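I have placed the structure first, in the form of structure tokens, so that the comments after it can refer back to it.
The values are calculated or read from the model by the stated rules, or taken from the named source; none is laboratory data. Because the structure is predicted, anything quoted here is derived from the model rather than measured. Please note: Cβ atoms are built from the backbone with ideal geometry, for glycine as well, and neighbour counts cover all protein chains shown. Surface accessibility is based on the protein's heavy atoms, side chains included, excluding ligands, DNA and RNA. Shrake-Rupley method; radii C 1.70, N 1.55, O 1.52, S 1.80 Å.
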Amino acid sequence: MQLVVDKIAKAFGIHEIFKDVSFLVDKGEHLGLVGVNGSGKTTLLRCLLQPDFVDQGSVKFEPGLRLGYVQQGFTDIQGTIWEFMVSSCPEVLDLRDKLQQLEEDSANLEGEALDQVLEEYSKVTKHYENLDGYNYENRIKRVLIGLGYTEPWWNQDATTLSGGQKTRLMLAAALVRYPDFMILDEPTNHLDIRMTQWLEGYLREFKGGLIVVSHDRAFLDNVATRILEMEGGKLQSFKGNYSKYLEQKAIQSATMEAAYVAQQDYIARTEAYIRRFKAGIKSKMARGRQSQLDRMERMDAPVQHEEFELRLPPATECADRVLIMEDLTIGYGEKVLAKGINLTLRRGEKVALLGANGTGKTTLLRTILGEIPPLKGRAKIGNRVQIGYFSQSYERLNPKQTLMENFLSEYGFTDEHTRAMLGGMLFHGDDVFKEIGTLSGGQKARLVLLKLVLDGANCLVLDEPTNHLDIMARETVEAALTAFDGSVLVVSHDRYFVNEVADRIWEIDDGQVKDYKGNYDYYLEEQEKAALQAQTQAAEEETRRQYLDQQKQQAQPVAIPKQSKQKQRRYSPEEAKKLLPKVELSIREQEAMMKVLEMEMANPANHEDPVHSAAMAEEHAAYEQKIDELMEKWEQLMEASEE
């Protein structure tokens with residue numbers, strides 16, 4: 001086993017986070033750790049990384065195991081991106097220095113001393129090969145490119161990167177260390193869909209143990225082989241990926257709920273019996289039942305998670321065309337991000353805007369809302385359209401204000417009504433007097449969502465609304481948007497969320513916005529079709545290239561040279577006149593058959609199969625060669641007939 005966790009517990013003061021947590025992780029197992037925000041997932045990871053942090057129990061990693069870890073928010077990075085990545089695995093660099101030193105030492109030694117150095121050199125080389133040291137730089141390049149850092153980035157000062165870019169770089173460093181075991185805390189934060197898909201492929205190839213905390217359901221489906229659920233201070237294990245976990249969890253919850261209700265009913269009936277007969281002739285039986293109740297192992301009540309309320313009001317009437325983009329070009333100054341955009345969002349449509357980081361998704365939203373001017377064309381908002389905007393930076397929340405102050409100043413409700421609304425978003429008691437700047441990202445997101453409800457907008461423009469929300473909160477947002485009868489334009493990297501909410505996809509790719517009239521599953525199908533078509537075209541081009549190369553080779557001096565006229569067969573005038581009509585007929589026949597073939601070759605459908613296409617080309621070449629031979633014979637016969 002690479003990791004053995006045995007009955008660990010952790011508490012902060014009187015607040016118990018979890019207890020009796022035990023599990024094993026074998027080599028090659030990939031575990032997804034799930035649970036609502038605040039359930040103790042990050043605390044559990046800290047216990048794994050710092051075994052002394054636990055209050056009781058033990059955490060044991062396999063001796064000599066190399067551990068890779070990415071922590072949320074840790075961005076202590078120095079040097080250029082390339083320098084940081086090269087130094088991310090000091091062990092490889094140390095072994096290189098040691099090998100070089102041993103090589104230098106061996107040059108000045110002989111005999112037994114040389115044998116000892118060579119033996120040490122062999123051991124160090126084996127260790128270096130186990131770390132894949134010879135492929136170290138190539139591995140760095142692969143990971144950097146996969147996570148969006150192409151070669152122009154490599155010499156950039158890493159200290160100038162944004163927080164999200166630094167987090168992504170820390171993930172890259174963890175991947176190239178060639179660990180035996182990895183612990184990843186929300187690795188898909190700050191990754192776009194393409195980067196996330198690349199990371200999924202990388203982790204599927206990873207042969208070591210893996211524990212990953214994530215709220216990305218599609219990511220867990222594609223990476224995890226087992227799910228650990230932290231709930232109510234206890235940890236449960238479920239075989240399979242996230243979808244399998246949901247199925248098992250639903251069955252377990254229903255069974256446990258029924259068993260708990262049945263036990264509570266039995267306890268109530270037994271206690272009623274005891275109260276009724278404890279002083280009568282059946283008192284002995286009552287005492288027996290009391291003894292039975294005392295020995296009974298009471299089931300814990302099923303954990304009930306508090307969910308926030310999100311019910312969007314019915315959308316007011318507005319124009320059919322809600323958002324209109326006409327020959328729109330977006331960007332900053334001379335930097336064009338996308339051009340030639342001609343799209344319309346209609347009443348009731350729900351569109352997801354996709355694209356890699358930096359392609360202009362947020363810029364497009366801000367251009368539509370009039371916050372930045374278009375470089376060309378125009379973006380219009382339809383008549384009677386009221387926009388509700390969810391921004392990643394939460395501009396509507398003053399970090400210096402308390403929750404109460406912010407909502408009272410903006411909406412003017414009574415204190416009691418404001419408290420009730422905030423309570424529905426899980427802010428209870430003195431929580432309403434906290435400064436907004438001290439709140440977590442998930443708490444701020446809930447406040448902005450509440451403002452969208454209060455605004456009563458009929459068109460919602462949402463920029464990453466599910467960032468920092470746990471899975472249960474994301475499901476609440478999905479349900480609210482699905483039930484909403486207004487229009488929605490949402491930017492999100494959560495593929496599960498997009499598939500549930502959107503009925504249309506706009507993708508910014510290579511400076512263009514492509515329109516897919518379907519949900520995310522439909523978008524994937526179209527992507528697969530396009531990829532297959534590109535592969536087919538590439539295969540056809542390769543077949544055509546190989547055929548042309550073959551034809552060129554056959555046309556080289558390998559071909560038999562034509563005989564000189566002196567060595568060619570000589571025909572008598574009478575023989576020539578007799579053969580000429582037959583040769584002319586053969587020429588016409590060959591030309592007619594070649595013309596039929598050329599008509600077939602002009603039909604694009606006959607080129608869908610590369611093999612068939614190449615066969616037609618080969619047949620056409622054969623007709624040309626036959627006609628050339630007949631024409632040469634015809635010339636000989638004409639010369640002979642004129643003599």
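Some observations on this one:
- Backbone N under 13 Å from the residue 327 label point (7 Å along Cα→Cβ), restricted to the stretch 365-385: 376-379
- Neighbour count of at most 14 Cβ within 10 Å plus DSSP loop: longest chymotrypsin sites (Phe, Trp or Tyr not before Pro)-free window in the chain: 75-412
- Dipole-positive endmost among 33, 576, 291 within the chain (Cβ charges, Cα centre): 291
- Accessible-area value, residue 43, 1.4 Å probe, nucleic acids and ligands omitted, Å²: 30
- Bridgeable lysines around residue 60 (alpha carbons under 20 Å apart, same-chain partners fewer than 8 residues away excluded): 7, 10, 19, 27, 41, 207, 234.
- Amide N of the stretch 105-149 lying under 20 Å from the label point, which is placed 7 angstrom from the Cα of residue 538 along Cα→Cβ: 142-143, 145-148
- The distance from the alpha carbon centre of the stretch 182-218 to that of the stretch 430-444 is 29 Å, rounded to a whole number.
- Computed with every protein chain present, the accessible area of residue 430 is close to 120 Å² [probe 1.4 Å].
- Whole-number accessible area per residue in Å² for the chain, which is evaluated in the context of all protein chains at 1.4 Å: 54
- Size descriptor, Kirkwood hydrodynamic radius, that averages inverse alpha-carbon separations across the stretch 471-559, Å: 16.8
- For the chain, the share of accessible area belonging to carbon and sulfur comes to 50 percent (1.4 Å probe, ligands and nucleic acids excluded).
- Per-residue SASA remark: residue 419, around 100 Å² accessible (1.4 Å probe; ligands, DNA and RNA not included).
- Of all DSSP beta bridges in the chain, antiparallel share, percent nearest 5: 50
- Shown are 184, 532, whose ranking by accessible area with a 1.4 Å probe and every protein chain present, most to least, is 532, 184.
- Annotation: extensible slack from residue 402 through residue 261 equals 46.5 nm (criterion: 0.36 nm per residue apart, minus Cα-Cα distance).
- Taking max minus min of the alpha-carbon positions on each principal axis, the stretch 1-133 gives extents of 67, 36, 28 Å, largest first.
- Applying 0.36 nm per residue to the separation of residue 483 and residue 270 and subtracting their alpha-carbon distance, the gain on full extension is 72.1 nm.
- Average silhouette area of the chain, convex hull of alpha-carbon atoms, in square nanometres: 55.4
- Alpha-carbon centroids, the stretch 620-643 and the stretch 351-401: separation in whole Å: 74
- A crude spin-label estimate for the pair residue 236 and residue 306, with each label 7 Å from Cα along the Cβ direction, gives 2.2 nm.
- Surface listing: 337, 144 arranged by accessible area from highest to lowest gives 337, 144, probe 1.4 Å.
- Computed over protein heavy atoms with a 1.4 angstrom probe, the accessible surface ordering of 120, 83, largest first, is 83, 120.
- Normalised Debye scattering of the stretch 312-375 at q = 0.19 Å⁻¹ gives log10 I(q)/I(0) of -0.79, counting only Cα atoms as equal scatterers and leaving out solvent.
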